[in-house]
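Here the structure is laid out as structure tokens; the discussion comes afterwards.
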Amino acid sequence: MPTVGAPTLDQLQTFLAVVDEGSFVGAARRLNRAVSAISYAVSNLEAQLGLVLLDREGSRKPVLTEAGHALLADARLIAADLQALRARALALHSGLEPEVSLALDVMIPLDRVAGLLREFQEVFPTVTLRLHVEALGGVAALLLDGRAHLGISGPAVSEHPDLERSDAGSLKLVPVASPDHPLARARTLAPGAARGHLQLVLTDRSNLTEGRDFTVASPRTWRLADLGAKLELLREGIGWGNMPVGMIEEDLAQGRLVELPMGDMSAPYPLSALWRRDRPPGKATNWLLRALVRTLKADPES
């Protein structure tokens, strides 16, 4: 069995340049090298692999052989991976984090920040982003145990000795129910009317807010750990509850949900950017922090 050597990145890039440019002269021009150097690199690559990749006979334009066609995709993949490795190494030398873990409050509609996250990918292509979505104290819990570098949280854990915070605007929460719910059919609601009806309440999966209730008005509650599940139950007429306006705009417009005239339950939901005091934001995290705060504060609901 023939011995197959290990091609170098330079050999692969030279081979790909010849294929893409269609000639050794074009590759030499693209790589700013002599034609003889291009030919030498390709010959060395073929010697390493023990295969002829380019047919140089009978034409001034080199043609891929069957072996060249078979290995072309692999050559592109390997070259791209090595270039990505070099780019990531250069980013680390510049102080850029290899990964940013972001935790968002479940109340934040993702369509409000999706464009920003796409921009983050374009600005920092070498940085891996991990996105967590949690309720109430869950965001702070991820930060405290080191699983997240940056969080945007509601008021559940507004102060903690190990966390730094910065104002990040607010969301508007409104009490809603389906149109056929008794509270929605009533022309007026007396103070305390909601106490006689089942309230759907978002519960905390962390222990940071254990024993604390947020905007709970009824002694009859169903505790849900998933905001999507809460929304589906509200649509089905099972109880009433508070929801962020940005998440139910279409439901309100289509009449699937009705805002209840309960002024004491309609309140802003303040947001804070959080990070650990002993883990200040790095270059990419700081960019994300500033962009998130700017975007959320500019939101019409803030």
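For ARG185 and VAL123 in the same chain, what is the full-extension length gain: residue separation times 0.36 nm, less their Cα-Cα distance, in nm?
Numbers: separation 62, 0.36 × 62 = 22.32 nm, distance 5.05 nm.
Stretched fully, the ARG185-VAL123 segment lengthens by 17.3 nm.
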Extension gain from ALA67 to ARG130, taking 0.36 nm per residue of separation minus the Cα-Cα distance: 18.7 nm
Quickly estimate the mean residue ellipticity at 222 nm for the chain, helices only: each DSSP H run with n ≥ 4 gives -39500 (n - 2.57), and the total goes over all residues, rounded to 500. -12500 deg cm²/dmol
Checked against the positive end of the charge dipole of the chain (+1 on Cβ of Lys and Arg, -1 on Cβ of Asp and Glu, about the Cα centre), the farthest of VAL63, LEU183, LEU9 is LEU9
Fewest-first ranking of ILE152, ILE78, using other Cβ atoms within 10 Å as the exposure measure: ILE78, ILE152
Listed residues PRO280, PRO219, PRO270, most fluctuating in the chain (Gaussian network, C-alpha, under 10 Å): PRO219
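How big is the charge dipole of the chain about its Cα centre, in debye rounded to the nearest 20, if each Lys and Arg gets +1 on its Cβ and each Asp and Glu gets -1 on its Cβ?
On the way: 32 positive and 36 negative charges, 82 e Å.
I would put it at about 400 debye.
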Please order ASP105, ASP180 by the number of other Cβ within 10 Å, starting at the fewest. ASP180, ASP105
For the pair ASP145/ASP20, report the inter-label distance in nm, with labels modelled 7 Å from Cα in the Cβ direction. 4.5 nm
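Give the average over all directions of the projected area of the C-alpha convex hull of segment 9-93, one decimal, in nm².
Details: hull surface 23.4 nm².
Computed as one quarter of the Cα hull surface, the answer is 5.9 nm².
Once the mean 1/r over all distinct Cα pairs of the chain is inverted, what Kirkwood radius in angstroms do you read off?
Working: mean 1/r = 0.0421 Å⁻¹.
When all Cα pairs of the chain are included, the Kirkwood radius is 23.8 Å.
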Kindly put PHE124, PHE15, PHE24 in sequence by how many other C-beta atoms sit within 10 Å of each C-beta, fewest to most. PHE124, PHE24, PHE15
What angle do you read, to the nearest 10 degrees and between 0 and 90, between the alpha-carbon axis of helix 9-21 and the longest principal axis of the chain? 90 degrees
Return the distance in nm (one decimal) between the two label points of a simple spin-label model at LYS172 and LEU82, each offset 7 Å from Cα along Cα→Cβ. 5.7 nm
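Laboratory data are not the source of any read-out in this text; all were calculated from the coordinates shown. Computed from a predicted structure; not experimentally measured. In this analysis, Cβ positions are derived from the backbone assuming ideal geometry, glycine residues included, and neighbour counts consider all displayed protein chains.
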